[in-house]
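Below you'll find the structure, written out as structure tokens, and then a few comments.
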Amino acid sequence: MKSTSIRAFGLSVLFVFAALVYAQAQPKSPKMTANGKVGDANITIEYSSPSANGREIWGGLVPYGKVWRAGANNATTFETDKDIMVGGNKLAKGKYSIYIIPSEMEWQVIFNKEVGQWGINRDGTSTRKPESDVFIVKTTPMAADMQESLSYALAGDSFTIAWEKLKASVPLK
């Protein structure tokens, strides 16, 4: 009887420990992928999706007028398997990092040819190298329903980024 109680207690402790380890192993900003097509081109956007968690995002966590990696963790990437047009600019097939410089009235969406970087330096500045920019597309943010987690979506003629109470779209052809 005593041995069964000790075994049950031991299994309970083991279960609680395993649950805690599992919970800590889950990323706070999970990796996400948005897929879609533009004409015959297959598009993939890979990003890590942080949550608002009650924080002010635009002009707060993501400061206005500063380069942002367009997600969490690694810089967000945009990949196309064919040449496409993005906001009136030709984007050759390939993989690019996306950065954003938000402001209250306009966002600059930057396509950069360097990929694989973390996104920010230890001092909090961006890892973006402006000399590697392919082009910058300007877009206007719009009010939107509350979106707890950052998301990207592809819909035939644009891609949209939405988080907190704003969203912005970039035209694709």
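The values are calculated or read from the model by the stated rules, or taken from the named source; none is laboratory data. These figures come from a predicted structure and were not determined experimentally. So basically every Cβ, Gly included, is an ideal-geometry build from the backbone, and we count neighbours across all protein chains shown. SASA here: full protein model, heavy atoms, side chains in, ligands and nucleic acids out. Shrake-Rupley method; radii C 1.70, N 1.55, O 1.52, S 1.80 Å.
Arrange the peptides 67-80, 49-62 so that the one whose residues have, on average, the most other Cβ atoms within 10 Å appears first. Before the final figure, lay out the partial values.
Working: 67-80: 21.9, 49-62: 14.8.
Peptide ranking by packing, descending: 67-80, 49-62.
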### Summary
Listed by chain and number, the residues whose amide H is under 5 Å from that of GLY119, excluding neighbours fewer than 5 places away on the same chain and using placed H, are ALA75, THR127
### Task
For the stretch 44-120, give the percent of accessible area contributed by carbon and sulfur heavy atoms, probe 1.4 Å, rounded to a whole number.
47
#### Entry: HN-Hα J in Hz across the stretch 47-53 - Karplus 6.51, -1.76, 1.60, θ = phi - 60°, x for Gly and Pro
7, 9, 9, x, 10, 5, 6
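In square angstrom, what is the accessible area per residue of the stretch 90-173 with a 1.4 angstrom probe? Can you show the working numbers first?
Values: 4550 Å² over 84 residues.
Per-residue accessible area for the stretch 90-173 comes out at 54 Å².
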